[in-house]
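Here's the structure we're looking at; comments come further down.
Bear in mind these aren't lab numbers, they're just calculated from the coordinates by the rules spelled out. Everything quoted here is computed from the prediction, not taken from an experiment. Reconstructed Cβ throughout: ideal geometry from the backbone, glycine too, with neighbour counts over all protein chains shown.
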Amino acid sequence: MGTVHDSMQRRGLVRPRHGRIVAGVCAGLAHRFGIDPWAARLLFLALLLIPGSQLILYPVLWIVMPAEERYAG
């Protein structure tokens, strides 16, 4: 799992230490793509209204995305 975490960290895709609501997944995605965290959260909630596997996506990203404090020196 370390290589996946390292790859995501190099791309700037980490769950931030501050500004989390649940696990920091939406905040991390928002930071990576340069949008407001609340916009990312609202987009995620809107995506839950259409059929698909969006509900599974959040826990998977929670596991796969490294937490910011893991890499703080």
Amide H neighbours of residue 67 at under 5 Å, excluding residues fewer than 5 places away on the same chain, with H built from the backbone geometry, are 15
To the nearest 20 debye, the chain has a Cα-centred charge dipole, built from +1 on Lys and Arg Cβ and -1 on Asp and Glu Cβ, of 60 debye
At q = 0.14, 0.21 1/Å the base-10 log of I(q)/I(0) from the Debye formula over the alpha-carbon atoms of the chain is -0.42, -0.91
